[in-house]
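K.L.:
My questions all concern the structure below.
Throughout, read-outs are computed from the coordinates displayed, never taken from laboratory work. Note that this is a predicted model, so its numbers are computed, not measured. Quick reminder, even Gly has a Cβ in these numbers, built from the backbone with ideal geometry, and neighbours come from all protein chains shown.
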Amino acid sequence: MPMVEAAGTLEVSIWRGGAEGAMQRYQVPARGNQTVLDIVTHIQRELDPSLAYRFACRVGMCGSCAMMVNGRARWTCRTHASRVIGADGRLGLRPLANLPVIRDLATDMAPFFDKWARARGRFQPKDAPDGAVPQEFHVVPPASKQRREADAGIECIGCGVCHASCDVVAWNPDYLGPAALNRAWTLVNDVRDGARQERMEAVAGDAGCHSCHSTQSCTERCPKQLDPSAAIAGLKRSLFWDTLLGRRA
């Protein structure tokens with residue numbers, strides 16, 4: 001599809017540098033239906049090849065192009081510039097919040113995925129030793145409550161938008177965060193998984209689900225329309241009943 005002819009210019013400010021840096025301004029042609037990722041790509045290809053950023057699929061599947069757009073975490077490939085340009089006619093782009101900055105718009109995602117590991121976000125087959133393959137498939141009825149709860153959050157792709165949008169993560173960097181806790185809740189409801197007790201212990205500490213203030217920014221901004229807030233509430237309820245019924249040491 002041919003690009004629509006330019007209709008004026010946009011003033012775009014982009015974070016340049018690492019943890020210490022500054023915003024740099026660029027003048028970019030304004031085109032019909034251009035996305036924020038189109039704008040960043042134009043700058044990198046035509047104006048400043050040293051600009052660092054991430055993208056892969058460009059069609060809203062991988063989430064790797066996420067960044068802060070006028071102060072809000074978004075997938076830039078799905079964000080049309082005309083819908084997010086401020087009243088002043090400007091566009092400001094920064095790397096995802098609550099994560100270390102490698103350079104420019106690229107963040108270090110290692111702390112984000114480390115929290116998945118801390119929340120025991122890896123499936124552990126119930127009927128097999130750690131790392132082994134179970135001998136038979138476990139039948140999970142599609143209409144069961146556990147299946148519905150597990151399916152509700154299974155489509156998370158780890159883009160980091162909820163993590164960047166979470167006030168609690170900003171206040172407490174040790175907090176596991178919405179994505180890791182959503183993954184934990186998915187596995188807690190997976191009847192095939194055999195690590196429930198360890199997982200519940202992992203999410204019960206000061207950095208776990210009880211630290212959530214339920215502001216629901218993670219749910220509001222999830223590009224996949226998932227509900228991490230509900231998952232975290234589910235973990236809180238489960239921990240309450242586990243304690244009440246003596247299932248926790």
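K.L.:
Name the lysines eligible as straight-distance cross-link partners of LYS224: C-alpha to C-alpha under 25 Å, and not fewer than 8 places from it in the same chain.
P.N.:
Cross-link targets: LYS115, LYS145, LYS236.
K.L.:
Averaging sequence separations of C-alpha pairs under 8 Å and six or more residues apart, then dividing by the length of the stretch 29-135, give the relative contact order as a whole percent. Mind dumping the intermediate values first?
P.N.:
Details: 131 pairs, mean separation 22.0, N = 107.
Rounded, it is 21 percent for the stretch 29-135.
K.L.:
What is the stretch 110-244's relative contact order, in percent, from Cα pairs under 8 angstrom and six or more apart in sequence? Let's see the in-between values first.
P.N.:
Details: 185 pairs, mean separation 41.1, N = 135.
Here the relative contact order equals 30 percent.
K.L.:
So how strong a dipole does the chain carry about its Cα centre when Lys and Arg Cβ are +1 and Asp and Glu Cβ are -1, to the nearest 20 debye? Walk me through the numbers before you get to the answer.
P.N.:
Details: 31 positive and 26 negative charges, 68 e Å.
Using Cβ point charges on Lys, Arg, Asp and Glu, the chain gives about 320 debye.
K.L.:
Also, quick follow-up: Rounded to whole Å, give me the distance from the Cα center of the stretch 180-217 to that of the stretch 72-88.
P.N.:
32
K.L.:
From the helices alone, meaning DSSP H stretches of at least four residues, give me the mean residue ellipticity at 222 nm for the chain, per-run term -39500 (n - 2.57), in deg cm²/dmol to the nearest 500.
P.N.:
Numbers: 10 runs with 78 residues, N = 249.
Dividing the helical sum by the residues of the chain leaves -8500 deg cm²/dmol.
K.L.:
So what's the net charge close to ASP48: Lys and Arg +1, Asp and Glu -1, counting the other residues with Cβ under 12 Å from its Cβ?
P.N.:
On the way: positive: ARG16, ARG25, ARG45; negative: GLU46, ASP104.
My count for the surroundings of ASP48 gives +1.
K.L.:
Can you give the longest stretch of the chain with no exposed loop site, where a site means chymotrypsin sites (Phe, Trp or Tyr not before Pro) in a DSSP loop (not H, G, I, E or B) with at most 16 other C-beta atoms within 10 Å? Write down the numbers at each step before the final one.
P.N.:
On the way: sites that count: PHE123, PHE137.
Result for the longest clean stretch: 1-122.
K.L.:
On to the next question. In percent, how large is the relative contact order of the chain, given Cα pairs closer than 8 Å and 6 or more residues apart?
P.N.:
Details: 431 pairs, mean separation 40.4, N = 249.
Relative contact order for the chain comes out at 16 percent.
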